[in-house]
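All remarks here apply to the structure that follows.
Each value in this text was obtained by applying a stated rule to the coordinates, not by laboratory testing. Keep in mind the model is a prediction, meaning the values are calculated, not measured. No Cβ is skipped: glycine too gets one built from the backbone with ideal geometry, and neighbour counts run over all protein chains shown.
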Amino acid sequence: MSICIHIPFYNPSPNETVGYRKLTRYEYLKENIENLKKLPHPVDIFVNTHNSFLDDKDLGVNIVKHNLSESDLNRGILTWKTRNNMKQYASLYDYFIYIEHDIKFTESNFEYWKEYNQKLKGKRLNLGFLIFERSNEDNSKYSVHLSKKINKILIIDNEKYAINDVENYCCFWIYDKNFFHKFINSKWWNVNSKVTNYRHTYGNCEKVAIGMHALNIGYFKATIIPIQNNNFDERCKIEHLTNNYFYKFKDVKFLFSDIRSACRFKLDELISDKIKYYYKLPINLNLKDRFLWKFRFINKIFRLINR
């Protein structure tokens, strides 16, 4: 078994420190690479970048440099350059991972994916992950992407799964060889594909990282996360090393209400007290969001009128 991993590394200001830990982008990348090398199968890591900063760095990985204009870099085209390289290796590896440079994917996360990917084979259900950041005050873990609590539970073979119909973006994707071939032969592999979650359209960088499980692609019926002891399987949790969203948005308030879209809820508070249980997926999953998305032009008209 072997794993092919591609990482985009945008590094316009090498000495700039970012995030609460005040580390450089390179320091986050190095930490992540050291972690990825611990995965339980042979790993080949390809770092895709745009300048010579990594030329004299001993990371033990493959460095792929792309000649891109400032305009292309600002539009996130570097992330799309990974796809041409990944496609070249489609028949040479058993697993393929695209991941951002500061997302800490661990051996535990990989074993979780292998276990449940096997259980969900043939069901067209996407196995979900939760990206988190930490509060420096008490080390609590906060969900980066979910701004609403999950209130639907699906029962499959007597096991409980939370249905994440809020936001299933998690800054990376992992597929086995068979599904990877399906992906690269689909129209969604193309940079021009329009990818949404029926609330917003993803930008170029996000389109690459969402893979085949954006809601509007429609291949997967839903994204689900296993529940154990009334909470999420611990192995689904992945740390965002930069840890910048929590401190950027933690004081955002509107009329005394918390309206943050990032790091609003702790991971152990994400499951609602009001749960609906299903033994098959509800037909109207995301129906409201799809309807509002289809007629979003009405909102645009009202905004123009009220300027």
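Please state the relative contact order of the range 78-208 as a whole percent: Cα pairs under 8 Å, 6+ residues apart?
Numbers: 105 pairs, mean separation 41.9, N = 131.
Relative contact order, the range 78-208: 32 percent.
Of all aspartates and glutamates in the structure, those lying under 17 Å Cα to Cα from LYS182, and not within fewer than 8 positions of it along the same chain, are ASP94.
Cross-linked pairs LYS38/LYS81; LYS30/LYS57; LYS38/LYS207; LYS37/LYS81; LYS121/LYS280: Cα-Cα separations exceed 19 Å for LYS38/LYS81; LYS38/LYS207; LYS37/LYS81. Between the labelled values [x] 0.99; [y] 1.11; [z] 0.95, the entry that holds Rg/Rh (Cα atoms, Kirkwood Rh) as derived from this structure is [z]. Under the convention that each Lys and Arg Cβ holds +1 and each Asp and Glu Cβ holds -1, the size of the dipole of the range 3-305 around its Cα centre is about 1580 debye. Taking the range 148-186 and a reference point 7 angstrom along Cα→Cβ of ASN231, the backbone N atoms nearer than 16 Å belong to 150, 162.
What value, in deg cm²/dmol to 500, does the helix sum -39500 (n - 2.57) over DSSP H runs of n ≥ 4 give at 222 nm once divided by the residues of the chain? Before the final figure, lay out each step's value.
Values: 9 runs with 80 residues, N = 307.
So the calculated ellipticity at 222 nm is -7500 deg cm²/dmol.
Given springs between every Cα pair under 10 Å in a Gaussian network model of the chain, which of ARG124, ARG134, ARG264 has the largest fluctuation? Fluctuation is largest for ARG124. Sequence-ordered 3J(HN,Hα) estimates for the range 52-59 from the Karplus curve with 6.51, -1.76 and 1.60 and θ = phi - 60° stand at 8, 4, 8, 4, 9, 9, 9, 9 Hz, glycine and proline given as x.
If you take the square roots of the eigenvalues of the alpha-carbon gyration tensor of the range 1-134 and sort them as a ≥ b ≥ c, do you get rounded (a/c under 1.5), prolate (a/b over b/c) or oblate?
Working: a/c = 1.77, a/b = 1.47, b/c = 1.20.
Prolate, because a/c is 1.5 or more and a/b exceeds b/c.
Of all DSSP-defined beta bridges confined to the chain, some 50% are antiparallel rather than parallel.
Out of the range 63-138, which GluC sites (Glu not before Pro) are coil in DSSP terms and have no more than 15 other C-beta atoms within 10 Å?
On the way: sites: GLU70, GLU100, GLU107, GLU111, GLU115, GLU133, GLU137; in loops: GLU100, GLU137.
Filter output for the range 63-138: GLU137.
Springs join every pair of Cα atoms under 10 Å in this Gaussian network model of the chain, and among LYS148, LYS121, LYS30 the largest mean-square fluctuation is at LYS121.
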